[in-house]
Amino acid sequence: MKNKWMIVLAGAGAAVLLFFGGMFAVNTVFAAEQKAAMESGMSGTQLHALTGMEAKKAYKKEVYGDIGCTVVLPDGYVPSEDKKGMYLSERNPLDSSNIYYTASENVDGEALDQMLGTDEYKKRMEEKLKETYGQNAAVDRFQHTKTEVSGCPAHKVELSCKAGETKMEQLIYIIIADKVYTITYSQSADDERMEEFRKSAETIRLVFA
């Protein structure tokens, strides 16, 4: 039950973007390689989300010139066999934490910025959780901070959710460039991976043409 809850929670933020931004499907290629992050000294899986040529042609607007995003994951995370862009702890199901990475096109960045500055994003996430786990599911802590990643506007969201006696925590980075990149770190309260997640988030960088 906890693992299913974690996967739904990880996807809730992306579902909000789908609902609010009116995204179309993109040809996104995910690749992973073992690489050390020079600046942080961390080692782990470095992810790349690069948009395919057809999606590039469909989306003409060029503001930042980004072609992808990279982030170095903590050691011990492997690709999910069931959900593209999701990485699970190799100790799963004992460790239910996961990391979910998406690159999206045709999202209204200004509207998204306004939504994150209000209670609307929290409300949408809570609605998504209630659809799956009933009226007892709730977001009980929500903190939003505006920031920058590689010179592009970004949002950092920290929240905790609960359903019955189960409590989960998330750290979400949303980077708004020509595309919108979302990196969602999720854990059960007893997984104790948040410090590693914060260090991983420090390695998030955009790739420019």
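The values are calculated or read from the model by the stated rules, or taken from the named source; none is laboratory data. These numbers come from a predicted model, not from an experiment. Note that we place each Cβ from the backbone using ideal geometry, even for glycine, and neighbour counts take in every protein chain shown. Ligands, DNA and RNA are stripped out before the accessible areas are found, and what is left, the full protein with its side chains, is counted by its heavy atoms. Shrake-Rupley method; radii C 1.70, N 1.55, O 1.52, S 1.80 Å.
With a simple spin-label model that places each label point 7 Å from the Cα along the Cα-to-Cβ direction, the separation between Gln143 and Asn106 comes to 3.7 nm. Phi-derived couplings, Karplus 6.51 cos²θ - 1.76 cosθ + 1.60 at θ = phi - 60°, listed residue by residue for the range 79-94: x, 5, 7, 10, 10, 5, x, 9, 10, 10, 5, 5, 8, 4, x, 5 Hz, with x used for Gly and Pro.
When peptides 168-181, 69-82 are ranked by their average number of other Cβ atoms within 10 Å per residue, the highest-first order is 168-181, 69-82. Computed over protein heavy atoms with a 1.4 Å probe, the accessible surface of the range 82-209 works out to 46 Å² per residue.
Distant-in-sequence amide contacts of Thr203, defined by a placed amide H-H separation under 5 Å and a gap of 5 or more residues or a different chain, comprise Val72. Restricting the calculation to Cα atoms, every distinct pair contributes to the Kirkwood radius of the range 111-209, found to be 14.5 Å. Within the accessible surface of the range 95-196, defined with a 1.4 Å probe on protein heavy atoms only, the carbon and sulfur portion equals 36 percent.
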